[in-house]
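Shown next, in structure tokens, is the structure this report addresses.
The values are calculated or read from the model by the stated rules, or taken from the named source; none is laboratory data. Since the model is a prediction, treat every value here as computed from it, not as a measurement. Note that each Cβ is placed from the backbone with ideal geometry, even for glycine, and that neighbours are counted across all protein chains shown. SASA here: full protein model, heavy atoms, side chains in, ligands and nucleic acids out. Shrake-Rupley method; radii C 1.70, N 1.55, O 1.52, S 1.80 Å.
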Amino acid sequence: QVQVVESGGGLVQPGGSLRLSCAASGSLFSLYFMGWYRQAPGKQRVLVADITSGGDTNYQDSVKGRFTISRDNAKNTVYLEMNSLKPEDTAVYYCNARLAPRDYWGQGTQVTVSS
């Protein structure tokens, strides 16, 4: 069983920045396909960004140029650097670790963008 734990959420003003971290257990972390998702109240969970084991990245259009996903395999951790935050970025952010055929979710971390 892979444990996935997110951290780094909080309250930030519009235009501000946050960095989310996601630690995943297991000796195969470097092989995991990692993703950040978010779920706003009353809406479905959607992909924000993901990163392959080789470091290739993919972003939702609404966060391109503002968010950056990265990984540190030595620390079994993936990051989501979020800049120029907007109120519409408010959501619970979830980390997903995937090594086919299984995937694992964290408990989520709340990000609130408000003045």
Original post:
Would you call Glu81 surrounded by fewer than 20 Cβ atoms within 10 Å (Cβ to Cβ), at pLDDT 95 or above and over 14 Å from the mean Cα position of the chain (by Cα)?
Top reply: no
**OP:** Give the residues of the range 19-34 that are of a type outside the set (S, T, N, Q), in a loop (DSSP other than H, G, I, E, B) and open to solvent by less than 60 Å² (accessible area, probe 1.4 Å), sorted by residue number.
**Re:** Gly26, Tyr32
Original post:
Hey, any hits in the range 35-50 for a residue that's over 17 Å from Gly108 (Cα atoms) and open to solvent by 40 Å² or more (accessible area, probe 1.4 Å)?
Top reply: no
Original post:
Can you spot a residue in the range 10-18 that is open to solvent by 50 Å² or more (accessible area, probe 1.4 Å) and β-branched (Val, Ile, Thr)?
Top reply: no
